[in-house]
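Here the structure is laid out as structure tokens; the discussion comes afterwards.
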């Protein structure tokens with residue numbers, strides 16, 4: 001599939017937007033998955049994306065070698081997102097092939113050119129940014145042509161989640177057209193706060209540790225309930 005056709009395909013699947021008005025419920029990405037049985041349970045709740053972490057220092061590291069049990073049972077309608085931190089393009093491409101990834105999330109200090117290389121390979125790109133009071137949203141302009149989504153997470157000492165929220169009001173300074181996922185310490189009790197948060201480019205919610213029993217193992221019922229409540233919130 002050539003680049004133009006892939007971009008059209010990506011737009012049809014991932015971007016049901018009209019101008020700056022979000023149509024329909026928010027998308028849900030459940031990240032940090034690795035247990036086949038748990039994945040099957042979470043999949044039954046209808047998330048739009050699942051994230052698999054390919055960062056060896058993470059407690060939720062999936063491993064670079066594909067797990068046949070996961071791939072054979074994985075629902076086609078759910079997009080597999082591979083999460084990488086300052087990884088080489090060669091390793092990203094090799095992992096994307098064996099895991100049949102649908103998109104790549106870059107969660108380190110990757111440059112706009114890194115994003116361009118991944119996107120040019122016809123893989124949609126999520127680029128994560130760690131937000132605190134000092135974050136300069138101007139730096140995102142250099143990334144906007146090479147990212148399909150941004151993901152805004154809480155700034156911590158190390159890559160990956162902190163289990164804490166950042167001040168969502170800071171996103172008032174985000175003025176670009178790239179849709180974003182809200183991440184960072186989101187848990188089962190945050191549905192009302194999410195409903196009350198409004199931004200024209202808010203596209204989805206990324207959840208992880210706030211729904212875990214242990215690293216990489218999610219509470220299936222809590223995730224199902226959260227997805228059901230968020231999906232019922234039609235704008």
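Every number in this text was worked out from the coordinates using simple rules, so none of it is lab data. These figures come from a predicted structure and were not determined experimentally.
Below is a table of values for the structure above.
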quantity: Three-way shape label, the chain, alpha-carbon gyration tensor, a/c 1.5; calculated: rounded
quantity: Spatial separation of Cα centroids for region 169-193 and region 27-98, in angstrom; calculated: 22
